[in-house]
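Enquirer: Quick one: the structure is below, questions incoming.
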Amino acid sequence: MEAVSWLFSISSYGSLPWAIICPVIAQRYGRKAPYVILWINTIICVSLLYFSKSVTELFGSWLVLDTLLILLKP
């Protein structure tokens with residue numbers, strides 16, 4: 001039951017830094033750079049989900065996945 005609270009709050013922790021970083025990257029390097037980060041992030045996230053053997057690794061995967069959520073918001 002302790003892990004359930006982390007599943008809901010980890011999206012806030014994971015997406016908050018990227019809400020600041022991604023606009024700066026897009027302004028400095030163009031709009032293509034955040035999408036390259038998004039592709040790399042997707043590969044890492046799917047790999048972590050597929051090969052995880054513990055709950056901690058699943059939390060890490062969700063933390064990495066939250067970068068996707070902040071990049072895809074309009």
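Enquirer: Taking only pairs six or more apart or across chains, which ones have beta-carbon atoms under 9 Å, a first residue in the range 48-68 that is free of Cβ contacts under 8 Å to residues at least 12 places away in the same chain, and a second residue that is not in a helix (DSSP H, G or I)?
Expert: Short answer, once both residue conditions are applied: L58/S52.
Enquirer: Could you grab the pairs with beta carbons closer than 9 Å, sequence gap of 6+ or different chains, first residue in the range 20-37 and closer than 21 Å to L65 by Cβ and in a helix (DSSP H, G or I), second one of a type in the set (S, T, Y) and modelled with pLDDT under 85?
Expert: Close Cβ pairs satisfying both conditions: C22/T67; I37/T67.
The values are calculated or read from the model by the stated rules, or taken from the named source; none is laboratory data. Just so it is clear, the structure is predicted and the values come from calculations on it, not from any experiment. Here Cβ is always computed from backbone atoms with ideal geometry, including for glycine, and neighbour counts include all displayed protein chains.
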